[in-house]
Amino acid sequence: MKSNDVYKSFIESPYKSIKYSTYFDSYDHFFSRYRNQNITFVEIGVLSGGSLFMWRNYFGPKARIIGIDLNPNAKKWEEHGFEIYIGSQSDIKFWEEFIKEVGLIDAVLDDGGHTYEQQIITTECLLSSINDGGIILVEDTHSSYMSGYGPKSKSFIEYTKMLIDKINMRFRNFSDYPSERRVWSIEVVESMVAFKINKKASILKSEKFHNGGIDDLAQDFRYLDNPKIGFIYKFMRLFRFMKHIPLLRALADGAIRFTANSRFNAHRYFK
Ligand SMILES: C[S@@+](CC[C@H](N)C(=O)[O-])C[C@H]1O[C@@H](n2cnc3c(N)ncnc32)[C@H](O)[C@@H]1O
């Protein structure tokens, strides 16, 4: 951690900033690809200005660095070459105006108030305004397990889990369900959630492709680690004619699925 460039930039910042020791490797993991490039970086939560200097040092002089805070005092950092916007991250109107003025963004770091409302509204308002290849990184997401940040059933991590479900709803079989196509992928590390944007990949229609290769009619053994299902297969092999009778085929498939669904003793993996 101490040899990493984010940490060095943190230590070299002339103004106060407080970070947790686990954050520096994570920042470098998520943000290194944006260094020394013409990017627009937005940090929500300015406080004493220390992190603005840290990010300028880390990303390099080509980066446009924008700070957002509710505290109007943060405006003073404009003298140092940062763009500062005053407003609340839980205010949808603020974000509409902000996006109109700023345009598309490459990387966002949410280090604001950490309430679920603030984190969720910020993510929702910014997701469609991130450049392809961009990222929204929400930090201090441990607040989802703490009191004083909002109703736990609607915590930021619960929202993230819902988005994971909705990303999977892009699969072709689930086309009747609402799906998520703004976020390509979600990555979680301790106290942080990263939403990565890849528009082309996110809007791809899920289709089944055959590569045209030779089919050697190999049997799929997926259920055969289950003795009960193995029995059904053996039974079906004995009465091969059954698979040509749709009702019997459906009954056998139903029995296989029922046995597969009920067999896995999962409790010990869900503690
Ligand atoms: C944890 S501090 C930011 C620390 C800074 N990023 C650093 O690393 O040094 C949180 C900041 O978020 C600001 N804040 C809290 N609620 C906010 C809101 N609703 N909208 C915008 N900023 C908010 C606070 O005023 C405070 O300055």
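Could you pull out every residue, at least 5 positions away or on a different chain, whose amide H is within less than 5 Å of the one on Ile130? Hs are placed 1.01 Å off N in the peptide plane, and Pro or chain starts have none. Residues meeting the criterion, in which the H sits 1.01 Å from N, are Ile105. Starting from the Cα gyration tensor of region 105-188, take the square roots of the eigenvalues, sort them a ≥ b ≥ c, and report rounded, prolate or oblate (rounded when a/c is under 1.5, otherwise prolate if a/b is larger than b/c, else oblate). Verdict is oblate for region 105-188. What the phi angles of region 215-231 give under the Karplus curve with 6.51, -1.76 and 1.60, with θ = phi - 60°, is a coupling list of 9, 8, 6, 4, 7, 7, 8, 3, 9, 7, 7, 10, x, 5, 6, x, 5 Hz, glycine and proline written as x.
Name all residues of region 46-68 having a backbone nitrogen under 11 Å from the label point set 7 Å from the Cα of Lys19 along its Cα→Cβ direction, giving them as ranges. The answer is 51-59.
Per residue, the average separation of C-alpha pairs within less than 8 Å and at least 6 apart gives the chain a relative contact order of 11 percent.
Computed from backbone phi with θ = phi - 60° and the Karplus coefficients 6.51, -1.76 and 1.60, the 3J(HN,Hα) list for region 125-135 is 6, 9, 3, 7, 10, 9, 4, 4, x, x, 8 Hz; x is used for glycine and proline.
Counting only aspartates and glutamates at least 8 places from Lys200 when in the same chain, those with an alpha carbon closer than 17 Å to its own are Asp106, Asp132, Glu180. Over all directions, the projected convex hull of the C-alpha atoms in region 120-242 averages 12.9 nm² in area.
Between Ile164, Met146, Leu224, the Cα set farthest toward the positive side of the dipole of the chain (charges on each charged residue's Cβ, about the Cα centre) is that of Leu224. If the chain linking His80 and Ile186 were pulled fully straight, counting 0.36 nm for each residue of separation and taking away their Cα-Cα distance, it would gain 34.8 nm.
Inter-part distance, region 147-178 to region 17-76, computed on C-alpha centroids, equals 28 Å. Near the amide H of Arg170, within less than 5 Å, lie the amide hydrogens of Glu180, all on another chain or at least 5 residues away, with H placed in the peptide plane. In region 171-201, which residues have a backbone nitrogen under 13 Å from the label point lying 7 Å from Met162's Cα in the Cα-to-Cβ direction? Label zone hits: 178-180. A simple rule links phi to the HN-Hα coupling: the Karplus curve 6.51 cos²θ - 1.76 cosθ + 1.60 with θ = phi - 60°, which for region 50-67 gives x, 6, 4, 5, 4, 5, 5, 4, 6, 7, x, x, 6, 6, 8, 10, 10, x Hz, with x for Gly and Pro.
Taking 32 Å as the limit for the C-alpha separation, the pairs Lys16/Lys199; Lys75/Lys196; Lys196/Lys271; Lys166/Lys228 exceed it in the case of Lys16/Lys199; Lys166/Lys228. Solvent-accessible area of the chain (1.4 angstrom probe, protein heavy atoms only): carbon and sulfur portion equals 56 percent. Comparing Trp77, Gly50, Ser9 along the charge dipole axis of region 1-100, the residue lying farthest to the positive side is Ser9, per the Cβ-charge model.
The values are calculated or read from the model by the stated rules, or taken from the named source; none is laboratory data. Owing to the predicted nature of the structure, the values given are computational and were not obtained by experimental measurement. Note: ideal-geometry Cβ built from the backbone for every residue, glycine included; neighbour counts use all protein chains shown. What goes into the accessible areas is simple: the full protein's heavy atoms, side chains included, and nothing from ligands, DNA or RNA. Shrake-Rupley method; radii C 1.70, N 1.55, O 1.52, S 1.80 Å.
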